[in-house]
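The values are calculated or read from the model by the stated rules, or taken from the named source; none is laboratory data. Everything numeric here is computed off the predicted structure, so don't read it as measured data. Cβ sites come from the backbone with ideal geometry, for glycine too, and all protein chains shown count toward neighbours. Ligands, DNA and RNA are excluded from the accessible area calculation, which covers all protein heavy atoms including side chains. Shrake-Rupley method; radii C 1.70, N 1.55, O 1.52, S 1.80 Å.
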Amino acid sequence: MNKDRLKDIPKDMLKDMPKDMQNDMPDMMKKGKPGLKSIDMATVKRLMSYLGKHKGKLILVIVCIALSALASAGSSLFLGKLIDNYIAPLLLMKVPDYSDLIRAIVFMAVIYGVGVVSGLLYNRLMAVISQSVLKEIRDEMFEHMQTLPISYFDTHTHGDVMSHYTNDTD
């Protein structure tokens, strides 16, 4: 067993692992926290500035997410009450009256409807916001690219330039 390969793994993680698996672990897992880099706050502020133009939509997204979560939790809680308070008593009646049950089912349908509509709305709004931010970033890149000298385009391939517009902005 190669001890150098295992020196960065936390000891508590190694003690439960079979010896043959220790040798087969990918190097990425052995280093602890792969891919974590320090966060540049200036970059975060710059990215957040693009979202500033969409404050109203973002607030609506938060409200829709809350409504969707409440509808999901509410429907689960109401389902128990529906069975206990409406369906179970009907089983004991000789001539059941379904009017209260129908009202409860309609109320539950309204809860599900609110959840579905708010879920669709926040997903749609987030797609609109993200695409408009991407368009704004790409427009700024295009404006900047027009100011670059011709020598830049001579030294960089077309694929590299286009890669900045597609992959780097996403």
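Here the range 39-170 has 69 percent of its accessible surface on carbon and sulfur atoms, given a 1.4 Å probe and all protein chains in place. The accessible-area ordering, largest first, of the residues TYR122, TYR112 stands as TYR112, TYR122, per a 1.4 angstrom probe. Measuring with a 1.4 angstrom probe and ignoring ligands and nucleic acids, ILE59 comes out at about 110 Å² accessible. When Lys and Arg each count +1 and Asp and Glu each count -1, what net charge do the other residues less than 13 Å away from PHE107, Cβ to Cβ, add up to? Residues close to PHE107 contribute a combined charge of +1.
Each other residue within a Cβ distance under 14 Å of ASN85 adds +1 if Lys or Arg and -1 if Asp or Glu, for a net charge of -1. Work out the P(r) tail for the range 92-165: percent of alpha carbon pairs separated by more than 22 Å, whole number. That tail contains 60 percent of the Cα-Cα pairs. With all protein chains in place and ligands, DNA and RNA left out, the 1.4 Å accessible area ranks MET41, MET108, MET93 as MET41, MET93, MET108, largest first. In this view, the solvent-accessible surface of LEU77, computed with a 1.4 Å probe and all protein chains in place, comes to about 130 Å². Taking every alpha-carbon pair under 8 Å whose residues sit at least 6 apart, the range 34-170 reaches a relative contact order of 33 percent.
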